Structures are given as structure tokens and as C-alpha cells.
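Below is one structure; the comments refer to it alone.
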Amino acid sequence: MVAVRRLVLDVLKPHSPRLTTFTEQVTEAESVAGATVSLVELDQEVQTIKPTLEGENVAYDEVETIVEGLGATVPSIDEVSCG
């Protein structure tokens with residue numbers, strides 16, 4: 001199976017936790033070596049963010065579990081890089 005090296009997600013999250021805390025938590029996933037998270041849209045109830053996760057073999061299921069544990073959802077996977 002080919003390794004996922006980069007994963008870009010579309011995420012809806014509540015205002016809490018803060019973006020810095022969210023990014024730190026996602027980066028704690030064993031399969032994630034680094035993360036960049038951009039704020040795309042802000043409304044009264046949620047933030048739309050775009051996490052870009054990189055690693056030797058990023059495990060989507062592990063990342064999704066952490067994201068959902070932070071009260072967020074992943075409506076879509078926007079980009080995947082393998083190889």
C-alpha cells in the first residue's frame with residue numbers, strides 16, 4: 001500500500017478550542033510529523049479551517065478521531081498526496 005504523505009482536510013470546528021490548541025492536538029497524532037492550519041471562514045457558531053497534515057504515512061482514521069474528539073467534523077478530504 002502506498003503511504004499518504006500529505007492530507008488536506010475541510011474541517012468545521014466550534015470556536016473552542018483555539019486554533020493553536022487544535023493544531024497542537026492534531027499534531028500529536030503519531031502519524032503526523034507536522035501541520036499547518038488556515039482559517040477559511042468564521043461565523044457566529046463555527047470556524048471553517050483547512051488543516052494540511054504531513055508525515056511518512058498519515059493515518060486518516062487516527063486524525064479523524066482526534067478532530068472529532070475536539071468537537072469538530074470533517075465534511076471532506078480536499079487533497080491527498082501519496083508516494
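The values are calculated or read from the model by the stated rules, or taken from the named source; none is laboratory data. Everything quoted here is computed from the prediction, not taken from an experiment. For neighbour counting, all protein chains shown are included, and Cβ atoms are generated from backbone atoms with ideal geometry for every residue, glycine included. Note: areas computed on protein heavy atoms with side chains; ligands, DNA, RNA excluded. Shrake-Rupley method; radii C 1.70, N 1.55, O 1.52, S 1.80 Å.
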Of segment 1-29, those with amide N under 16 Å from the point 7 Å along the Cα→Cβ vector of GLU56 are 1-6, 29
Residue span ARG6 to THR36: 0.36 nm per residue of separation minus Cα-Cα distance leaves a gain in nm of 9.7 nm
For the chain, dividing by residue count, accessible area per residue (probe 1.4 Å) in Å² works out to 59 Å²
To the nearest 0.05, the calculated FRET efficiency linking ASP43 and ILE77 through their beta-carbon distance, R0 being 25 Å, is 0.65
Note, GLU54: beta-carbon cut-off 15 Å, +1 each Lys/Arg, -1 each Asp/Glu, net -3
Counting only DSSP loop positions in the chain, the trypsin sites (Lys or Arg not before Pro) whose Cβ has at most 16 other Cβ atoms within 10 Å are ARG18
For the chain, the percent of accessible surface on carbon and sulfur atoms (probe 1.4 angstrom, ligands and nucleic acids excluded) is 49 percent
Mean-square fluctuation maximum in Gaussian network of the chain, Cα pairs under 10 Å, restricted to GLU28, GLU64, GLU45, hits GLU45
